[in-house]
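Student: My structure is below; once you've seen it, I'll send some questions.
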Amino acid sequence: TREGYQFTGWSPAVTDTVSGNATYTAQWKQLTYTVTYTDGVDGEEVFKDQVTENLKSGDKTPAFNGTPTRDGYQFTGWEPKVAETVSGNATYTAQWKQLTYSVTYTDGVDGEEVFKDQVTENLKSGDKTPAFNGTPTREGYQFTGWSPAVTDTVSGNATYTAQWKQLTYTVTYTDGVDGEEVFKDQVTENLKSGD
């Protein structure tokens, strides 16, 4: 046996009977190996298998070309661990950890809590975005929506901040007399709650 080689026979071929001095030389074929990197995901091709052929024992193991990426997952390494050198055929399978995300709804008001933040955790990419529970209300303001706009599905951590439009009011003093003007109406506009 010879590491990295396959014995293929003797040269010249060994005869059945001895007819004189003979020297037989072992013939060797150098073995070649294949290294494959695969995504390890059934039913979906995250990346095309990367195959390197005709590697010899002791060659440096070729590295994966690029960085393995998969939507909603973190690449955590190869199984088995990639050997430094080639010693035979090898298949390295990508390992993935599913990422989880959180969605937060916040009031966006400094110095006061209009409503407690609503946080939903452990959501996965593609999950339906959870809706705000209730109706945002704030005295003297009208709720106008969320910034940024709430997406239909989760694709990462998200914080949605309530947007508010301050309400304004009008105060009018009138004389209350029909048919005659005791004094002209006094109108003050654009007053805010608490003025």
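Student: Name the pairs: first residue in the range 102-116 and acidic (Asp, Glu), second residue outside any strand (DSSP E or B), Cβ to Cβ under 6 Å, at least 6 apart or on different chains?
Tutor: Hits for this filter: 107/114; 107/115.
Student: Hey, any hits in the range 121-134 for a residue that's of a type in the set (S, T, N, Q) and closer than 30 Å to residue 194 by Cα?
Tutor: Initially, the range 121-134 is screened for residues of a type in the set (S, T, N, Q), giving 122, 125, 129, 133.
If we keep only those that are closer than 30 Å to residue 194 by Cα too, we end up with 133.
Yes - at least one qualifying residue is present in the range 121-134.
Student: List the number of the failed condition for residue 190; all other conditions in (1) at positive phi; (2) open to solvent by 70 Å² or more (accessible area, probe 1.4 Å); (3) at pLDDT 95 or above hold.
Tutor: Every condition holds for residue 190 apart from (3).
Student: Under the condition of being over 30 Å from the mean Cα position of the chain (by Cα) and open to solvent by 80 Å² or more (accessible area, probe 1.4 Å), which residue from the range 140-152 is nearest to residue 71 (Cα to Cα)?
Tutor: Looking at residues that are over 30 Å from the mean Cα position of the chain (by Cα) and open to solvent by 80 Å² or more (accessible area, probe 1.4 Å), I get 144.
Student: Which of (1) among the hydroxyl-bearing types (Ser, Thr, Tyr); (2) within 20 Å of the chain's Cα centre (by Cα); (3) assigned to a strand (DSSP E or B) is the odd one out, the single condition residue 155 does not satisfy?
Tutor: For residue 155, the failing item is (3).
Student: Check off (1) at pLDDT 95 or above; (2) among the hydroxyl-bearing types (Ser, Thr, Tyr); (3) open to solvent by 80 Å² or more (accessible area, probe 1.4 Å) for residue 155 and give me the number that stays unchecked.
Tutor: (1)
Student: Does the range 65-82 hold any residues that are part of a strand (DSSP E or B) and either modelled with pLDDT under 95 or surrounded by 12 or more Cβ atoms within 10 Å (Cβ to Cβ) (or both), and which are they?
Tutor: 70, 73, 74, 75, 77, 78, 79
Student: What's the total number of residues in the range 31-64 that are in contact (Cβ under 8 Å) with a residue 12 or more places away in the chain, in a loop (DSSP other than H, G, I, E, B) and among the basic types (Lys, Arg)?
Tutor: Residues in the range 31-64 being in contact (Cβ under 8 Å) with a residue 12 or more places away in the chain, in a loop (DSSP other than H, G, I, E, B) and among the basic types (Lys, Arg): 1 in total.
Student: Return the only residue of 137, 120, 104 being open to solvent by 70 Å² or more (accessible area, probe 1.4 Å), among the hydroxyl-bearing types (Ser, Thr, Tyr) and more than 30 Å from residue 66 (Cα to Cα).
Tutor: Going through 137, 120, 104 in turn, just one is open to solvent by 70 Å² or more (accessible area, probe 1.4 Å), among the hydroxyl-bearing types (Ser, Thr, Tyr) and more than 30 Å from residue 66 (Cα to Cα): 137.
Student: Would you please name the residue that is surrounded by the most Cβ atoms within 10 Å (Cβ to Cβ), looking only at residues in the range 83-101 that are of a type in the set (A, V, I, L, M) and under 24 Å from the mean Cα position of the chain (by Cα)?
Tutor: So the first thing to find is which residues in the range 83-101 are of a type in the set (A, V, I, L, M), and the list is 83, 86, 90, 94, 99.
Remaining after also requiring under 24 Å from the mean Cα position of the chain (by Cα): 94, 99.
Details: 94: 21, 99: 15.
Applying the filter and picking the extreme gives 94.
The values are calculated or read from the model by the stated rules, or taken from the named source; none is laboratory data. Everything numeric in this text was worked out from a predicted model, so none of it was measured. Note: ideal-geometry Cβ built from the backbone for every residue, glycine included; neighbour counts use all protein chains shown. Just so you know, the surface numbers come from the protein's heavy atoms only, side chains and all, with ligands and any DNA or RNA stripped out. Shrake-Rupley method; radii C 1.70, N 1.55, O 1.52, S 1.80 Å.
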